[in-house]
Amino acid sequence: MPEKTAFLFPGQGSQYIGMGRDLAEAFPAAKEIFQRVDDLCGKSISRLCFEGPMEELTLTENLQPSITAVNLACMSALKASGIQPHVAAGHSLGEYAALVSTGIVGIDDALRLVKKRGQLMHRESLSHPGTMAAVIGLPVATVQRIVEESSGGDILAVANHNTAEQIVITGQKAPVSRAVQAVTKEGAKAIPLKVSGAWHCLLMEGAVQEFRAFMEHIPFSPPVSRMLFNATGSGETEPENIKEIMARQLVNRVKWYDIIQKMVSEGIRTFVEVGPKKVLTGLVRKIVPDDGRMRLFQVEDPASLEKFLTREG
């Protein structure tokens, strides 16, 4: 295809009951992915995606393979239609579908990775409870200053740099509460998030070494197309370095703003959110100036796939 296209894969927070069902009915490759995730997890992840209940779907150990399976099903439908990305990225959990999209890992190995990742993160969230909040209306430098001033020796960090002025903070409940108060004094908004753990901070440190060891048994290959990583905001081609980046992603900041800016600087103007909902599409709209050339699509079912294929954005 002539235009440079980016695949963007969503993470936790994009789930809904019924996600992936229409694709599984329409595309044999998508149906097979749900069969594979069910077999690998030893439970009906597909049933949770298609039927719920939401309370069970949103448990971290279920949600991570669920969203990854849906992302991969959406990607398989695109690739069955002859669409290949110029570059790919995923938001936090979404990175695992991006790894498959760029040829770094296979589908089964990506599902094994997210199953293990979900188990480890759930364990650490119980052992080291925390919370997160979205800060709206302040630049990252100001939020970083507030984080440093509010930590008081406790664990507090920037989790996601999503847009120029949408920043997520993460950590133990007391310092997050102090930071929320400081944000309010600055005249900005801080919205507590309904999460089961404090992701992307040192409260997850206990999972890093075990996840790193788990990855030693998973084959990683050099990417066949470009991928930009959350923890660095840039690309990497050496498999062992990629494994280390993915291990540290558990405790590192998601540099989403940097990733989208880099894509634009490299000439990307067509963005396709590959997975449920339109969370990442909304972030791109806030990051990229509308110069009349930017095209945003989302593929999560046969209708949205057809819309993209006919470029009716």
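Expressed in Å, the radius of gyration and Dmax of the Cα atoms of segment 130-192 are 9.8, 27. Please say if segment 157-228 is rounded, prolate or oblate, where rounded means a/c under 1.5 for a ≥ b ≥ c the square roots of the C-alpha gyration tensor eigenvalues, and otherwise the choice is prolate for a/b larger than b/c and oblate otherwise? Oblate, because a/c is 1.5 or more while a/b does not exceed b/c.
Relative to the longest principal axis of the Cα atoms of the chain, the long axis of helix 28-41 makes an angle of roughly 50 degrees. The simple Förster model, with R0 at 25 Å and r as the Cβ-Cβ distance, assigns residue 189 and residue 44 a FRET efficiency of 0.05. Consider the candidate values (1) 56, 44, 35; (2) 71, 63, 34; (3) 53, 48, 39; state which one is Cα extents along the principal axes in Å computed from the structure displayed. Computing Cα extents along the principal axes in Å and matching it to (1) 56, 44, 35; (2) 71, 63, 34; (3) 53, 48, 39 gives (3). Between residue 281 and residue 234, the modelled label-to-label distance comes to 3.3 nm, taking each label 7 Å out from Cα in the direction of the beta carbon. I'd like the distance between the alpha-carbon centres of segment 204-278 and segment 122-152, rounded to an integer number of Å. Centre-to-centre distance over Cα atoms comes out at 21 Å.
The fewest-to-most ranking of 242, 218 by surrounding Cβ atoms within 10 Å reads 218, 242.
Each 10 Å bin, from zero up to the one with the longest distance, holds this percent of the alpha carbon pairs of segment 254-306: 23, 54, 21, 1. To the nearest ten degrees, helix 239-248 and the longest principal axis of the Cα atoms of the chain are 40 degrees apart.
Once the Cβ-Cβ distance between residue 141 and residue 4 is put in as r, and R0 is 41 Å, what FRET efficiency do you end up with, to the nearest 0.05? The computed FRET efficiency comes out at 0.85.
Here the 3J(HN,Hα) profile of segment 285-291, calculated from phi with Karplus coefficients 6.51, -1.76 and 1.60 at θ = phi - 60°, is 4, 7, 8, 9, x, 7, 9 Hz, Gly and Pro shown as x.
D for segment 21-134, whole µm²/s, Stokes-Einstein with Kirkwood Rh over alpha-carbon pairs at 20 °C and 1.002 mPa s: what number? D, rounded to a whole number, is 147 µm²/s. For the set 4/79; 116/277; 31/79, the pairs lying more than 19 angstrom apart at their alpha carbons are 116/277. Between residue 17 and residue 81, the distance separating the two model label sites (each 7 Å from Cα on the Cα→Cβ line) works out to 2.8 nm. If a paramagnetic tag sat 7 Å from the Cα of residue 108 along the Cα-Cβ line, which residues of segment 33-57 would have the backbone N under 17 Å from that point? Flagged as within label range: 33-43. Taken one residue at a time, the phi angles of segment 213-219 give Karplus couplings (6.51, -1.76, 1.60, θ = phi - 60°) of 5, 4, 5, 4, 9, 10, x Hz. Gly and Pro are set to x. The angle separating the long axis of helix 60-80 from the principal Cα axis of greatest extent in the chain is about 40 degrees. What does a probe at residue 149 reach in segment 173-207, counting residues whose amide N is under 17 Å from the point 7 Å along Cα→Cβ? Output list for this probe position: 175-190.
None of the figures in this text is laboratory data; all of them are computed from the coordinates on show. All figures in this text were calculated on a predicted structure; none of them were measured in a lab. Neighbour counts run over all protein chains shown; Cβ positions are idealised from the backbone, glycine included.
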